[in-house]
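> To start, I am sharing the structure in question, which I have written as structure tokens.
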Amino acid sequence: MAPQPVYEPVIDQHDTWLAVNPVQGCPKGCTYCYLQDLGLTRAKPAVLATPEDTLDQLLAHRYYHPELVLALYTCTDALATPVTRAHLTALLDVLGASAVRNPVCLITKCAIPDDVVTCITRNREAGLPILVYLSYSGLGPDIEQGIDHTALRANFPRLHAAGIPVIHYWRPALPQNSTPDVIEHVMDWAARYAACTVAVGTKVKPTALDQITGLWPELADPHLDPQAADSVWPRTSWDWLHHLPDRYASHPVFQTNSCALAYVLAGADRAGVLDTPTCLTANRCPAAQRDRCRNAVTGQRPVTETDVDQHLAKIGYSGLPYTLNPRTRTVVLGQPVPLRDRHNLAQVLAVTVRSPQDPDERYWPGRLSGGQPLII
């Protein structure tokens, strides 16, 4: 018997973006999916909010800020069914007709039909910055169950021809898709059409270790702690990324979504990645983009205790003790705070946030909260 679905908030904060989830539940059966333990895979999508109500909830939410990226439908695949596609196009039209001009991203493995391409184009022309993540990693139908990989590959040239920015999402990295021939089959196609690639290892959230060890038995080793890692990588894919073949020299490859989004949106780093080891050794970032980020630092408005006090009060933590280092833009909170709240504070104020770990945390750590890659 399928588990009862556990729905995420319609508006929620993730480590890179504000998640907007008015429809939840995916009919596909990707065996690594982080929705599996919530009972939201192999599930009929449930509409939790109309497009109009979604906009109202977004603008009224304590997390909303006009500079945050909006990731739509992260608890389903919005292209998977006629119901989700209709909701998607209606929501894009509602957003496009509103004053909202946050960058908007869609993440999909499914075919994108002509009416959706037309809708994206229409709203981009109205001034709503929309881009598409195509999640293509070379995993087969035994793992990505229900995915038409031929249709997924066909999205790349179609969106490119339509002038819609594409970020290639190569994730998760598992032993099954980490041989050079599989990696290069994927990259040879994606690099032709995508503005850049985001390569991400396997994320293991606190409730999903058994699920992931079913795909990667080595992670059951008691001497490893994959749940504390930012992500887990097979050594083969990690080494390949750090020694890219020359034919990909002009194709940017990032391990951080925030950097890929800054690059595609012609913006600058707001996540504290600039000049860190991730920036300098993990990300294959164009020199012009690094210059843009460094130039932006000089014009960045200083962060003050008043800024921190006001935003902590907005998200429900009035009077929370903290220390602020204005020079490094680091806020150290004096008590455990859930990651979603820490991420929102970090993104809105463009600061690094540290705090004691919340013992009830269900979300994976991420590099912004101090997690580091685990290489196996």
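No value in this document is a laboratory result; all are computed from the given coordinates. Everything numeric here is computed off the predicted structure, so don't read it as measured data. Cβ placement follows ideal geometry from the backbone for every residue including glycine, while neighbour counts extend to all protein chains displayed.
> Taking only DSSP H segments of four or more residues, each worth -39500 (n - 2.57), what value at 222 nm results for the chain once the sum is divided by all its residues, to the nearest 500 deg cm²/dmol?
-9500 deg cm²/dmol
> Restricting to Cα pairs below 8 Å that are 6+ residues apart, what does the relative contact order work out to for the chain? Please round to a whole percent.
About 14 percent, as a whole number.
> Another question, then. Highest first, please rank the peptides 102-111, 38-47 by the mean number of other Cβ atoms sitting within 10 Å of their residues.
102-111, 38-47
> Moving on to the next point. Using the Cα centre as the reference, give the magnitude of the dipole from point charges on the C-beta atoms of the chain (Lys, Arg: +1; Asp, Glu: -1; all else neutral), rounded to the nearest 20 debye.
Working: 31 positive and 36 negative charges, 148 e Å.
So the dipole magnitude of the chain works out to roughly 700 debye.
> So, one more: What distance in nm lies between label points placed 7 Å from Cα along the C-beta direction at residue 360 and residue 301?
3.4 nm
> Still on this structure, I have one more. Sort 4-12, 74-82 by packing, meaning the average of other beta carbons within 10 Å per residue, with the highest value first.
Highest mean packing first, the order is 74-82, 4-12.
> Okay, moving on. Counting other Cβ atoms within 10 Å of each Cβ, which trypsin sites (Lys or Arg not before Pro) in segment 111-189 have at most 10 and sit in a DSSP loop?
Details: sites: 122, 124, 153, 158; in loops: none.
Hits after loop and neighbour filter: nothing returned.
> Another one. For the chain, max minus min Cα coordinate along each principal axis, in Å, sorted largest first?
Per principal axis, max minus min of the Cα coordinates gives 53, 49, 48 Å.
> Still on this structure, I have one more. So who's got an amide H within less than 5 Å of the one on residue 198, skipping anything under 5 residues away but keeping other chains? H placed 1.01 Å off N, in plane.
Residues meeting the criterion, in which the H sits 1.01 Å from N, are 168, 169, 170, 254.
> Scan around residue 71 for amide H atoms under 5 Å from its own, H built in the peptide plane at 1.01 Å from N, and keep only partners 5 or more places away or cross-chain.
18, 19, 20, 105
> Counting only residues 5 or more places away or on other chains, whose amide H sits under 5 Å from the amide H of residue 352 once H atoms are built in the peptide plane?
So residue 352 has HN proximity to 330, 331.
> Filter the cross-link list 203/314; 44/203; 44/109 down to pairs whose alpha-carbon distance in this structure exceeds 28 Å.
Pairs exceeding the cut-off: 203/314.
> Something else now. Would you be so kind as to identify which of 4, 344, 41 lies farthest towards the positive end of the dipole of the chain, taking Lys and Arg as +1 and Asp and Glu as -1 on Cβ and the Cα centre as origin?
So the residue we want is 344.
> On to the next question. Under the rule that a partner needs its Cβ under 4.7 Å from the first Cβ, which Cys of the chain have none?
Lacking a cysteine Cβ partner under 4.7 Å: 26, 75, 105, 110, 119, 196, 259, 279, 285, 293.
> Work through the residues other than residue 63 whose Cβ is under 15 Å from its Cβ and net out their charges, Lys, Arg +1 and Asp, Glu -1.
Local net charge: -2.
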